[in-house]
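Report on one structure; see the data block that follows.
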Amino acid sequence: MAAPLPAPMPQHVAIIMDGNGRWAKQRGRPRTFGHAEGVEALRRTVEAAGDLGVRFLTVFGFSTENWRRPAEEVNALFDLLRLYVARDLDKLAKEGVRVRVIGERHGLQPDIAGIIEDAESRTAHNDKLNLTIAFNYGGQDEITRAARMLAQEAVAGRIAPKDISPEMFEAHLDTAGLPPPDLLVRTSGESRLSNFMLWQSAYAELAFMDVLWPDFDRAALEEAIAFYSRRERRYGGHGA
Ligand code: IPE
Ligand code: IPE
Ligand code: MG
């Protein structure tokens with residue numbers, strides 16, 4: 001008997017890590033406690049993704065709209081990025097993880113910009129797992145910045161507007177060089193994209209899960225991957 005074909009694995013998993021505030025509230029604790037636990041869930045997920053053979057993992061950590069939150073919470077989220085990199089960068093670098101950060105860097109505190117550049121350059125030669133952190137990221141902001149770059153190139157006479165193609169546009173997004181996500185997971189029961197990877201998710205399979213992000217673990221990632229492996233992707237063509 002022929003061996004069963006291996007279930008298709010997503011090459012690129014993207015996750016909207018949502019529900020930290022509700023997780024904390026359920027425990028009568030401040031929202032920032034939920035965010036700190038969210039970092040633990042991220043650490044578990046990065047490890048599990050590497051073990052399961054996921055090549056690209058992209059996580060949404062702070063949106064361009066999250067500035068609407070109280071300054072205290074925003075500061076706590078920035079502190080957690082600092083803490084995560086300080087605690088885990090050595091290990092990530094050693095384990096073959098390549099770290100990238102996407103999003104608008106203008107307006108971030110200078111130390112954060114430096115931390116990001118250091119994490120990216122120290123891991124640039126790795127390729128076991130590509131971990132991309134979306135921080136101060138918004139899909140509309142990213143698309144607008146790409147359009148602005150192309151407009152500048154056209155005004156400077158380096159490109160003609162008629163030559164702008166989806167491929168050229170894509171090369172001006174923060175995710176240039178990354179494959180599009182195959183599987184996009186959102187935790188906490190919300191079924192919306194909240195401005196995450198709008199261009200890149202055109203053909204992603206969407207998994208909306210009830211688990212709150214601080215409870216996310218290897219089993220939850222396996223469940224999302226199992227969901228993915230049952231999908232039939234068509235890309236606009238006909239079915240099998
Ligand atoms: C996700 O958890 C983390 C960020 C958006 C930074 P939330 O803080 O959105 O938690 P809920 O959705 O209020 O529960
Ligand atoms: C999306 O979650 C942003 C991140 C997970 C970083 P939000 O909690 O900000 O999204 P909304 O406000 O519920 O749409
Ligand atoms: Mg939320």
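The values are calculated or read from the model by the stated rules, or taken from the named source; none is laboratory data. Since the structure is predicted, the reported quantities are computational estimates derived from the model, not experimental observations. So basically every Cβ, Gly included, is an ideal-geometry build from the backbone, and we count neighbours across all protein chains shown.
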Out of curiosity, is Ala41 within 16 Å of ligand 3 (Cβ to nearest atom), within 12 Å of Leu221 (Cα to Cα), modelled with pLDDT of 95 or more and part of a helix (DSSP H, G or I)? yes
Suppose we filter segment 129-176 for residues that are exposed (fewer than 13 other Cβ atoms within 10 Å of the Cβ) and either at positive phi or in contact with a Pro (Cβ under 7 Å, 6 or more places away or on another chain) (or both); how many remain? 1
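Can you tell me which residue among Asp210, Asp163 is within 16 Å of ligand 1 (Cβ to nearest atom) and either of a type in the set (Val, Ile, Thr) or at pLDDT 95 or above (or both)?
Asp210
Those residues that are surrounded by 12 or more Cβ atoms within 10 Å (Cβ to Cβ) and at pLDDT below 95, I need them from segment 213-232; list them, please.
Within segment 213-232, just Arg231 meets the criteria.
Within segment 172-213, how many residues turn out to be hydrophobic (A, V, I, L, M, F, W, C), away from ligand 3 (no atom under 16 Å from the Cβ) and not in a loop (DSSP other than H, G, I, E, B)?
3
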Quick test for you: out of Arg82, Arg29, Arg69, pick the one residue that is over 15 Å from the mean Cα position of the chain (by Cα), within 11 Å of ligand 1 (Cβ to nearest atom) and of a type outside the set (Ser, Thr, Tyr). Arg69
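Go through segment 177-196 residue by residue and tally those that are surrounded by 17 or more Cβ atoms within 10 Å (Cβ to Cβ) and farther than 28 Å from His35 by Cα.
0
Can you tell me which residue is nearest to Ala24 (Cα to Cα) among those in segment 164-203 that are of a type in the set (Asp, Glu) and out of contact with any helix residue (DSSP H, G or I) (no Cβ under 9 Å at 6 or more places or on another chain)?
Of all residues in segment 164-203, those of a type in the set (Asp, Glu) come to 167, 170, 174, 182, 190.
Filter once more, keeping what is out of contact with any helix residue (DSSP H, G or I) (no Cβ under 9 Å at 6 or more places or on another chain): 167, 190.
Details: Glu167: 42, Glu190: 17 Å.
Looking at residues that are of a type in the set (Asp, Glu) and out of contact with any helix residue (DSSP H, G or I) (no Cβ under 9 Å at 6 or more places or on another chain), I get Glu190.
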Answer yes or no as to whether Pro10 is over 29 Å from Gly107 (Cβ atoms), assigned to a loop (DSSP other than H, G, I, E, B) and modelled with pLDDT of 95 or more. yes
Selection count where residues are within 12 Å of ligand 3 (Cβ to nearest atom) and surrounded by fewer than 21 Cβ atoms within 10 Å (Cβ to Cβ), scope segment 22-38: 3
Subset of segment 49-80, residues under 22 Å from His12 (Cβ atoms), part of a helix (DSSP H, G or I) and touching a helix residue (DSSP H, G or I) at 6+ places or on another chain (Cβ under 9 Å), comes to Ala49, Asp51, Leu52
